[in-house]
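Working notes, structure below.
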Ligand SMILES: Cc1cc2nc3c(=O)[nH]c(=O)nc-3n(C[C@H](O)[C@H](O)[C@H](O)COP(=O)(O)OP(=O)(O)OC[C@H]3O[C@@H](n4cnc5c(N)ncnc54)[C@H](O)[C@@H]3O)c2cc1C
């Protein structure tokens with residue numbers, strides 16, 4: 001029983017070795033082809049190798065190839081650098097993106113209606129209502145900020161106390177405009193308090209302006225504006241220069257320091273730089289007519305001379321937001337406030353005498369004159385210190401009068417003012433020997 005399997009193993013081995021010795025013999029001849037070896041499931045450990053003779057295929061007929069393989073024995077050439085054509089794959093994408101950008105730019109160019117000006121005389125510019133304050137039941141303050149920022153690229157010199165200017169506000173439903181006088185203020189709302197601050201040159205860059213508006217019983221536009229909530233737009237056009245304050249030699253090289261929220265921070269006037277004593281001003285204001293002189297006094301380059309403000313109003317409450325500012329201006333010896341409240345009305349007795357000055361002659365004669373070295377003013381640390389030193393000094397009579405208020409008020413003081421132009425001077429100023437060249441009706 002044990003013999004039989006041994007014999008089978010031997011026979012298999014012998015058979016396998018015979019095939020292997022054949023393989024070695026064939027392998028010595030290089031021209032022989034080694035056939036593919038595919039192991040069979042039941043196959044021997046070594047595959048069977050078919051013997052191929054050298055004479056095999058000699059009797060086959062020669063048939064030339066259509067495209068013969070050419071063998072070259074030249075030196076091998078440097079491999080040619082194949083251009084990288086990958087970008088070609090992306091070309092349509094580039095073209096599409098480029099085309100779309102160009103189209104977007106062109107469309108934007110033609111339909112972009114974002115204004116680049118802060119204000120314009122030719123078109124209305126949108127401003128956003130950023131704050132509101134009810135002063136009393138007839139008066140309110142409204143703070144406006146430009147809706148767009150493009151104007152910031154240009155130098156905005158809008159606040160200049162040498163010019164009294166206004167803006168028009170459009171009421172688009174009834175297509176009318178009304179003029180209002182912007183103030184360089186901002187409204188601050190704290191948790192418990194609302195207060196008004198003067199803007200200085202740093203925050204002019206935000207472009208804010210504040211309007212002080214009276215609502216009349218039948219008034220269309222002032223009421224419509226007052227109903228608009230914070231966040232809505234108003235459209236403004238301007239600036240309309242209502243009056244250019246006469247320039248003197250002092251304006252050539254010198255600018256009065258700007259008013260600050262804290263009077264202790266106001267810089268003193270450099271009196272030694274003045275070529276002549278500045279002319280004084282009488283400003284007659286009724287109600288919201290106070291706005292033009294506030295605009296000048298609170299702007300950069302405020303009015304130079306001493307200003308007496310004759311301020312008529314129905315109640316003390318309507319001027320509340322400005323009380324503090326007017327008080328500080330008095331402390332700085334820049335103004336004197338003469339109040340007429342309710343039945344205490346302005347009368348001819350209050351009209352100041354006229355100090356006649358010919359601005360043109362004054363300007364031309366003195367333009368190149370150097371400051372008078374014989375008069376040396378002391379140098380003060382602050383404007384308040386300077387004010388204390390000069391407060392008691394008598395002020396010259398004014399050389400200029402400006403009147404701003406309702407038609408009847410203007411007529412009483414300076415005569416009727418037509419819609420366009422100034423009209424003849426009459427009224428109390430004429431009676432007090434003022435002349436037309438030194439009175440302006442707003
Ligand atoms: C250069 C300039 C600057 C101005 N600045 C300001 C400003 O800063 N703040 C401000 O509130 N207003 C200012 N005004 C006046 C303003 O333009 C409007 O006339 C005012 O707001 C009334 O417009 P309304 O549409 O509300 O009333 P409207 O519909 O024009 O008038 C309705 C009625 O209100 C009465 N009324 C209108 N205006 C006056 C008036 N001035 N006095 C007395 N009664 C009047 C009249 O009885 C009138 O019949 C300024 C005007 C000018 C020309």
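The number of residues in the range 310-332 that are over 24 Å from residue 194 (Cα atoms) and under 35 Å from the mean Cα position of the chain (by Cα) comes to 1.
Taking (1) touching a strand residue (DSSP E or B) at 6+ places or on another chain (Cβ under 6 Å); (2) outside the structural domain of residue 199 (by TED's automatic domain parsing); (3) part of a loop (DSSP other than H, G, I, E, B) in turn, residue 302 satisfies each apart from (1).
Scanning the range 165-176 for residues that are more than 8 Å from the ligand (Cβ to nearest atom) and under 13 Å from residue 240 (Cα atoms) yields 165, 167, 168, 169. Of all residues in the range 384-407, those that are within 16 Å of the ligand (Cβ to nearest atom) and in contact (Cβ under 8 Å) with a residue 40 or more places away in the chain total 5.
Just to be sure, is residue 155 at pLDDT below 95, more than 11 Å from the ligand (Cβ to nearest atom) and in contact with a helix residue (DSSP H, G or I) (Cβ under 7 Å, 6 or more places away or on another chain)? The answer is no for residue 155.
Residue 262 - would you say it is outside the structural domain of residue 120 (by TED's automatic domain parsing), away from the ligand (no atom under 11 Å from the Cβ) and at pLDDT 90 or above? Against the criterion (outside the structural domain of residue 120 (by TED's automatic domain parsing), away from the ligand (no atom under 11 Å from the Cβ) and at pLDDT 90 or above), residue 262 qualifies.
The rows are residues; the columns are (1) buried (at least 20 other Cβ atoms within 10 Å of the Cβ); (2) under 23 Å from residue 258 (Cα atoms).
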| site | (1), (2) |
| --- | --- |
| 127 | yes, no |
| 132 | no, no |
| 135 | no, no |
| 156 | no, yes |
| 172 | no, no |
| 185 | yes, yes |
| 201 | no, yes |
| 217 | no, no |
| 225 | yes, no |
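Scanning the range 335-353 for residues that are touching a strand residue (DSSP E or B) at 6+ places or on another chain (Cβ under 7 Å) and either at pLDDT below 95 or not in a strand (DSSP E or B) (or both) turns up 345, 346, 350, 352. So how many residues does the range 281-307 have that are surrounded by fewer than 20 Cβ atoms within 10 Å (Cβ to Cβ) and farther than 18 Å from residue 258 by Cα? Of the residues in the range 281-307, 0 are surrounded by fewer than 20 Cβ atoms within 10 Å (Cβ to Cβ) and farther than 18 Å from residue 258 by Cα. Picking from residues in the range 189-205 that are over 17 Å from residue 301 (Cα atoms) and modelled with pLDDT of 90 or more, the one that is farthest from the ligand (Cβ to nearest atom) is 197.
Condition (residue is in a loop (DSSP other than H, G, I, E, B) and touching a residue at least 60 places away in the same chain (Cβ under 8 Å)) applied to the range 167-177: is it met by at least one residue? Within the range 167-177, one or more residues are in a loop (DSSP other than H, G, I, E, B) and touching a residue at least 60 places away in the same chain (Cβ under 8 Å). Checking each residue in the range 305-327 for being more than 16 Å from the ligand (Cβ to nearest atom) and in a strand (DSSP E or B) picks out 307, 308, 310. Across the range 216-248, the number of residues qualifying as within 14 Å of residue 288 (Cβ to Cβ) and modelled with pLDDT under 95 comes to 2.
The numbered conditions (1) near the ligand (Cβ under 9 Å from one of its atoms); (2) over 23 Å from the mean Cα position of the chain (by Cα); (3) surrounded by 13 or more Cβ atoms within 10 Å (Cβ to Cβ) are all true for residue 245 except (1).
Output the number of the condition that residue 190 fails; it satisfies all remaining conditions of (1) exposed (fewer than 13 other Cβ atoms within 10 Å of the Cβ); (2) within 23 Å of residue 121 (Cβ to Cβ). Here residue 190 meets the rest and fails (2). Scanning the range 426-442 for residues that are farther than 19 Å from residue 280 by Cβ and without any contact (Cβ under 8 Å) to a residue 24 or more places away in the chain, we see that the one that is farthest from the ligand (Cβ to nearest atom) is 430. The lone criterion from (1) touching a residue at least 12 places away in the same chain (Cβ under 8 Å); (2) away from the ligand (no atom under 13 Å from the Cβ) left unmet by residue 181 is number (2).
The values are calculated or read from the model by the stated rules, or taken from the named source; none is laboratory data. As the structure is a computational prediction, the values presented were derived from the model and not from experiment. Reconstructed Cβ throughout: ideal geometry from the backbone, glycine too, with neighbour counts over all protein chains shown.
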